[in-house]
Every structure is written in C-alpha cells, then in structure tokens.
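Asks: So that we are looking at the same thing, I have put the structure below in structure tokens.
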Amino acid sequence: MLDARDRQLLAHIQLGLPLCARPYQAIGDAIAMPETEVIERLTRLKQQGLIKRLGVIVKHRPLGYNANAMIVWDIPDALIHALGTQLSRYEFVTLCYQRPRLEAWPYNLYCMIHGKDRATVLAQLAQLDSACQLADFKREILFSRQCFKQRGALYPRASKQRAYG
Amino acid sequence: MLSPLQQRLLNDFQRDFPLSARPYQDIAEQLGVTEQAVLAAFAELNAQHYISRIGPVIRPNQIGASTLVAMAVPADELQAVADLVSAYPEVNHNYEREHHFNLWFVLIAADAAHLQAVLDDIEQHTGYVVLSLPLVQEFFIDLGFPLDLAHA
C-alpha cells in the first residue's frame, strides 16, 4: 500500500530523475525527505510491484518505430484471461489490456504492437492469430497516424483539484 | 546517429536503474566511462527527444483514476479538437489512429469525480461524444522494450 509520503515521492519523481550526481538527494530536497529514505521507499515500491519498472522511458518514434498498431478483439469473457496472458508473452506486444465493451465499441481485449514498419507489424499479428487461435474473433487494427502529445503517465498529487466549467 | 554509449543507455537501463546515491556513477562504472560522459549522453538524448524521462512506470490505478478515451472527429476538425484535448494537463498519449474513431488519448486524474469532470468538459467544449474505456485488467508486465538500434 502507498502511504502519503510514497504518493508525494512518486508525484515528484515521475516528472523525471534530474541529471545530476545525486538525483535522489535532489528529489528528497524538494519534499524534505533524506536521500536514504527516498532510495529505501523506491526500492520497496519496486519490490512490491507498485513501481513496475524504474529507468529510461524511451520515445519510440524518433527511434524509427513508426508503425504502432492497437489491435482490439471481442473475446468471450471466459477466454480473455488465458488469451491476454498468452499474448503478453510475445516480445513485440508492448501492452495488453482488458477494457469494457461499449455499445459503440464492442471490443474487450487490447494489445499494442510497436514495429519499424507496417509489414512487420502485420506479420507479427498473423503470428499471434495462428499461435493463439484468434482468427475467428471479431477484431480491428488501428495504426497510429500522428502523435499530438506524448508524455508518460503523470499521476497528479491527490490533493490537486481543478475546477472546470 | 546514436553513439554506442547512447545506445547502451537507451537499451540497458529501462528496467533496473540503479537505486543508489550516485546512479549515474554506477552506470558509468558498468560501461567503463566517466559519470560526466553518462550525464552528457543522457542530456543529449533528452535534447533530441529520444527519451521521455528517466523515472518510474507506476502500476495503473494505484494512484488516482485513469481511462482510455476514443473520439470520432471529422478529418477537417481533427487538428483543432486534438489541440484542445492536448491542452488539458490530465491528457497524455494523444494520438490519431486510422479509424472512424480517430482520436485516442489517456486521461489521468486525482480521482474518479475529477476524471468524469474532465470527460464532461471535453465533450462540452468539442461538441463530440467521448467513449471512456477504463482498464479492467492488465495482462502485460512492462519490462521495458528491447530496441533494435542497428538502423536507428
């Protein structure tokens, strides 16, 4: 579980580790937390799996990964866990989620494939189709066209509120 | 062109960035270069937009509330609507995709009520319906992404 200090720490560090000799100290200074406690808390959160990974978050497009497909399927509820787990084992699958079906969007399984070109991505998808027997389920392929905004998930501080209207 | 040092920094430190007092020094020792060289190479990767940041990937739904949003926007209004959406600090990963539902983005807010307020606000200001598709279950364990940098 996250306590208030964990949240405060994550709110600061998620903007990025500064490029200086003692980055955890710099983060700690901003929230009055000793460097050793910053490191201890991050180590624990990582061990607990609340931090899935800590490190370099690359942008794929400048690196030549220009073909990004989101594939969605309508999978029977009884099969989704097994199929989702199976899909996520493939190295080229970069995300795999279940989301609710809506009337206007009757799909429940999502996976993302990042590749250098479309032909590669489609070949990888064909591989998934045959290995996981997905061909019979209704699906759609949505290649991304342009990126308007990319930023890692930034979680707001719990106390932050904004008014809209 | 990426230097060999930059390639190693991009590929080898996505998952287990050192949790030590001097992480860049530890990386430098592993790679046989100076701490200064590591800091300079990261600064260059930042400046050239190869990396979004060095930081944690937090398991979804641990802090605040989030959802994936889809909108169907006429092509000639897409840029304007996308700009309007991108301006919200709660929005990330705002993409055009090739589909009738052509605008896709992730919304993250402090809590469910705030998330709903932003969704309502976007509908009201754009005049288009939003489909909100919150996470039910995540199968993928994000361990970073192995890069084929040979032709980067």
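Asks: Please find, within region B:106-116, the residue that is modelled with the lowest pLDDT out of those that are more than 16 Å from residue A:70 (Cα to Cα) and surrounded by 18 or more Cβ atoms within 10 Å (Cβ to Cβ).
Replies: Within region B:106-116, the subset more than 16 Å from residue A:70 (Cα to Cα) is B:107-116.
Applying the additional criterion that residues be surrounded by 18 or more Cβ atoms within 10 Å (Cβ to Cβ) yields B:107-110, B:114-115.
Numbers: B:107: 91, B:108: 85, B:109: 86, B:110: 79, B:114: 93, B:115: 94.
Here the answer is B:110.
Asks: Still on this model: How many residues are under 26 Å from residue A:97 (Cα atoms), more than 9 Å from every other protein chain (Cβ to nearest Cβ) and in a loop (DSSP other than H, G, I, E, B) if we restrict to region B:66-96?
Replies: Total satisfying the criteria: 2.
Asks: Same structure, new question: Given the residues B:48, B:25, which is the only one that is out of contact with any helix residue (DSSP H, G or I) (no Cβ under 6 Å at 6 or more places or on another chain), farther than 11 Å from residue A:19 by Cβ, facing chain A (nearest Cβ under 10 Å) and of a type in the set (S, T, N, Q)? Working first, answer last.
Replies: On the way: B:25 fails: out of contact with any helix residue (DSSP H, G or I) (no Cβ under 6 Å at 6 or more places or on another chain).
Every option except B:48 fails the conditions.
Asks: Can you pull out every residue in region A:101-123 that is of a type outside the set (A, V, I, L, M, F, W, C), surrounded by 18 or more Cβ atoms within 10 Å (Cβ to Cβ) and either within 16 Å of residue A:79 (Cα to Cα) or over 20 Å from the mean Cα position of the chain (by Cα) (or both)? Reasoning before the result, please.
Replies: Of the residues in region A:101-123, the ones of a type outside the set (A, V, I, L, M, F, W, C) are A:101, A:103, A:106-108, A:110, A:114-118, A:120.
Filter once more, keeping what is surrounded by 18 or more Cβ atoms within 10 Å (Cβ to Cβ): A:107-108, A:110, A:114-115.
The answer is A:107, A:108, A:110.
Asks: Kindly establish whether residue A:46 is within 17 Å of the chain's Cα centre (by Cα) and not in a strand (DSSP E or B).
Replies: Values: within 17 Å of the chain's Cα centre (by Cα): yes; not in a strand (DSSP E or B): yes.
Here the answer is yes, as residue A:46 does meet what is asked.
Asks: Residue pairs, Cβ under 8 Å, 6 or more apart or interchain, first in region A:76-105 and farther than 12 Å from residue B:138 by Cα, second among the hydroxyl-bearing types (Ser, Thr, Tyr). List them.
Replies: A:101/A:107
Asks: Out of the residues in region A:3-43 that are of a type in the set (Lys, Arg) and part of a helix (DSSP H, G or I), state the one that is nearest to the other protein chains (Cβ to nearest Cβ). Can you show your working first?
Replies: Filtering region A:3-43 down to residues of a type in the set (Lys, Arg) leaves A:5, A:7, A:22, A:41.
Right, trim to part of a helix (DSSP H, G or I) and you get A:5, A:7, A:41.
Numbers: A:5: 13, A:7: 6, A:41: 10 Å.
Among those residues, the one meeting the criterion is A:7.
Asks: If we keep just the residues of region A:85-100 that are at the interface with chain B (Cβ under 9 Å from one of its Cβ atoms) and either touching a Gly at 6+ places or on another chain (Cβ under 7 Å) or modelled with pLDDT of 95 or more (or both), which is surrounded by the fewest Cβ atoms within 10 Å (Cβ to Cβ)?
Replies: The selected residue is A:100.
Asks: Here's a follow-up. Restricting region B:102-113 to residues that are in contact (Cβ under 8 Å) with a residue 40 or more places away in the chain and in contact with an Asp or Glu (Cβ under 8 Å, 6 or more places away or on another chain), which is farthest from the other protein chains (Cβ to nearest Cβ)? Give the derivation first.
Replies: Initial filter on region B:102-113 (in contact (Cβ under 8 Å) with a residue 40 or more places away in the chain): B:106-112.
Within this subset, residues satisfying the condition of being in contact with an Asp or Glu (Cβ under 8 Å, 6 or more places away or on another chain) are B:107-109.
Details: B:107: 10, B:108: 6, B:109: 7 Å.
Top of the filtered list is B:107.
Asks: Another question, then. Tell me whether region A:116-134 contains one or more residues that are closer than 30 Å to residue A:56 by Cβ and either at pLDDT below 85 or in a loop (DSSP other than H, G, I, E, B) (or both).
Replies: Yes: region A:116-134 contains one or more residues that are closer than 30 Å to residue A:56 by Cβ and either at pLDDT below 85 or in a loop (DSSP other than H, G, I, E, B) (or both).
The values are calculated or read from the model by the stated rules, or taken from the named source; none is laboratory data. Keep in mind that this is a model prediction, so the values were computed, not measured. Backbone-built Cβ (ideal geometry, glycine too); neighbour counts: all protein chains shown.
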